1. Sequence-distant or interchain residues sharing an amide H contact under 5 Å with Ile59, placed H: which?
2. Per residue, how many Å² of accessible area does the chain show with a 1.4 Å probe?
3. Which value at 222 nm does the chain reach when only helices count, each DSSP H run of 4 or more adding -39,500 (n - 2.57), with the total divided by all residues and rounded to the nearest 500 deg cm²/dmol?
4. If the only charges are +1 at each Lys and Arg Cβ and -1 at each Asp and Glu Cβ, what is the size of the charge dipole of the chain around the Cα centre, to the nearest 20 debye?
5. From the phi angles alone, apply the Karplus equation (6.51, -1.76, 1.60; θ = phi - 60°) to the stretch 19-24 and give each ³J(HN,Hα) in whole Hz, x where the residue is Gly or Pro.
6. Given H placed 1.01 Å from N in the peptide plane, which residues other than close sequence neighbours of Val65 have an amide H under 5 Å from its amide H?
7. Going by amide H atoms built from the backbone, whose H comes under 5 Å of the H on Ala45, apart from near neighbours?
8. Given a 1.4 Å probe and every protein chain left where it sits, what share in percent of the accessible area of the chain is carbon and sulfur?
Amino acid sequence: MALHSHIERVLWSEEQISRRVTDLAAQISADFRDVSPPPVVVGVATGAFLFLADLVRRIELPVAVDLVRAESYGSGTQSNC
């Protein structure tokens, strides 16, 4: 089985995603340039960490990074375990 054989169609190319991440980082850098203390960038682990890493590397500010873990219980509020 090929690595990407399960993908029906590609919505955005790697280059398009990279450009958008660069644009977002530039906007964040501009919006928070004069903010003190520096912003904290928070991502939901584990799904966001690769995107978050790409983003914060391009932000031209000192930033703190943190991850939170969230769990879904469907339509309820308690674990089935």
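The values are calculated or read from the model by the stated rules, or taken from the named source; none is laboratory data. For clarity, every value in this text was computed on a predicted model and none was experimentally measured. Cβ coordinates were reconstructed from backbone atoms using ideal geometry, including for glycine residues, and neighbour counts include every protein chain displayed. The accessibility values were calculated without ligands, DNA or RNA, using every heavy atom of the protein model including side chains. Shrake-Rupley method; radii C 1.70, N 1.55, O 1.52, S 1.80 Å.
1. Excluding prolines and chain starts, which carry no amide H, there are no hits.
2. Numbers: 7010 Å² over 81 residues.
Accessible surface, normalised per residue, equals 86 Å².
3. On the way: 2 runs with 28 residues, N = 81.
The helix-only estimate for the chain comes to -11000 deg cm²/dmol at 222 nm.
4. Roughly 60 debye, rounded to the nearest 20.
5. Rounded to whole hertz, the list is 4, 5, 4, 4, 4, 5.
6. Val41
7. Val68, Arg69, Ala70
8. Here carbon and sulfur together make up 55 percent of the probe-accessible area.
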